[in-house]
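Working notes for the structure below.
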Amino acid sequence: MKKKILTLTIFICVVMALQGCSGGLPEGFDQEKITQEAKTVVETINSLSYEDVVKLIREDLREQVKAQDLQSAWGDKLSAAGEFIEYKNIAYASSQGGTENYGVVVINCVYENDSATFTLMFDKNYELVGLYMK
């Protein structure tokens, strides 16, 4: 039940943040830089080190995400997926929340036994402000 609540909460946050989302990154965002930051997040998630994933989240938002909740929500799926193989597709979008613009990166990943899609949102300083895995 806790896993479903966490997944739903993260999903709602991402959906709300993506309202008004448009194609391409916002002005001032560097595609190479945000891609590298997104890959770092995915690599950290793949290491199953959920404490380190939480450390990647912008400081003012860290209290909202607990490592144990991420492990409960994602651990079984990631373990069953097997070894990471490759990044399949990467797409970019922009989103606005209040007066702040966010860069959104959607990465499709291929694993030994499955695939996963990560939706990651970054602020103008390339700090992680949203994450969702499907």
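Bear in mind these aren't lab numbers, they're just calculated from the coordinates by the rules spelled out. Since we're looking at a predicted model, the values are computed, not measured. Methodologically, a virtual Cβ is constructed for each residue, glycine included, from the backbone with ideal geometry; neighbour enumeration extends over all protein chains shown.
Observations
- Rg and Dmax, both from the Cα atoms of segment 77-134 and both in Å, are 13.2, 41.
- Once the Cβ-Cβ distance of ASN89 and GLU63 is raised to the sixth power relative to R0 = 30 Å, the FRET efficiency obtained is 0.40.
- Sites ASP52 and GLN31, calculated FRET efficiency, Cβ-Cβ separation with R0 30 Å, nearest 0.05: 0.75
- Alpha carbon Rg of segment 26-71, scaled by the compact-globule rule 2.2 N^0.38 Å: 1.28
- Counting Lys and Arg as +1 and Asp and Glu as -1 over every other residue whose Cβ lies under 11 Å from the Cβ of GLN36, the net charge comes to -2.
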